[in-house]
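Asker: Provided herewith is a single structure, encoded as structure tokens, for subsequent inquiry.
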Amino acid sequence: MRKLKMPVAALVILGLVVMAPSFGAVVAAKEIPRISIDDLKGMLDSKDMILIDVRSGKDWSSSELKIKGAVREDPKAFDSWAGKYAKDKKIILYCA
């Protein structure tokens, strides 16, 4: 996995979600806070954050740009993986 170098114009941060008591709460996209590439770069070594790459299968597998430390989850299977992450962490979802 190649470490992503910043800035990358194609990187779109879908959301920074500060975990509430229930991860299952559905939030409209416009209500999810955004984070800049520079802010994300400063958080990459944080133990209080989980970075999740939610690109679809082929987009993810064919890309050479992956952020070191990110985990890959299928966005269509949200219900099956959402509960496995700590509720006291900042969850950052991204696609590129």
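Values quoted throughout were computed directly from the atomic coordinates according to the rules given, and no laboratory measurement underlies them. In this text, all values refer to a predicted model and were calculated from it rather than measured experimentally. Using ideal geometry, Cβ is built from the backbone for each residue, glycine included, and neighbour counts are taken over all protein chains shown.
Asker: If you scan region 60-83, which residues turn out to be among the charged types (D, E, K, R), under 25 Å from Asp39 (Cα atoms) and out of contact with any Phe, Trp or Tyr (no Cβ under 9 Å at 6 or more places or on another chain)? Working first, answer last.
Answerer: Here is the first cut: in region 60-83, the ones among the charged types (D, E, K, R) are 64, 66, 68, 72-74, 76, 79.
Those still in the list that are under 25 Å from Asp39 (Cα atoms) too: 64, 66, 68, 72-74.
Selection gives Glu64, Lys68.
Asker: Return the pairs, sorted by first residue and then second, in which the second residue is assigned to a helix (DSSP H, G or I) and hydrophobic (A, V, I, L, M, F, W, C), the first residue lies in region 58-76 and is closer than 17 Å to Ile91 by Cβ, the beta carbons are less than 8 Å apart, and the residues are 6+ apart or on different chains.
Answerer: Partner pairs satisfying both residue conditions: Arg72/Trp60; Glu73/Trp81; Asp74/Trp81.
Asker: Next question, about the same structure. Restricting region 64-96 to residues that are part of a helix (DSSP H, G or I) and aliphatic (A, V, I, L, M), which is surrounded by the most Cβ atoms within 10 Å (Cβ to Cβ)?
Answerer: Residues of region 64-96 that are part of a helix (DSSP H, G or I), as a first pass: 75-84.
Now restrict to residues that are aliphatic (A, V, I, L, M): 77, 82.
Working: Ala77: 9, Ala82: 15.
Among residues in region 64-96 that are part of a helix (DSSP H, G or I) and aliphatic (A, V, I, L, M), the one surrounded by the most Cβ atoms within 10 Å (Cβ to Cβ) is Ala82.
Asker: Continuing with the same structure: What tally of residues in region 47-57 results from selecting those that are assigned to a loop (DSSP other than H, G, I, E, B) and within 12 Å of Tyr94 (Cβ to Cβ)?
Answerer: So the first thing to find is which residues in region 47-57 are assigned to a loop (DSSP other than H, G, I, E, B), and the list is 47-48, 54-56.
Checking which are within 12 Å of Tyr94 (Cβ to Cβ) leaves us with 54-55.
Final tally of qualifying residues: 2.
Asker: Considering each residue of region 42-56, count those that are surrounded by fewer than 16 Cβ atoms within 10 Å (Cβ to Cβ) and closer than 21 Å to Tyr85 by Cα, and give that number.
Answerer: Keep residues of region 42-56 that are surrounded by fewer than 16 Cβ atoms within 10 Å (Cβ to Cβ), which gives 42-43, 45-49, 56.
Right, trim to closer than 21 Å to Tyr85 by Cα and you get 43, 45-49, 56.
Within region 42-56, residues that are surrounded by fewer than 16 Cβ atoms within 10 Å (Cβ to Cβ) and closer than 21 Å to Tyr85 by Cα number 7.
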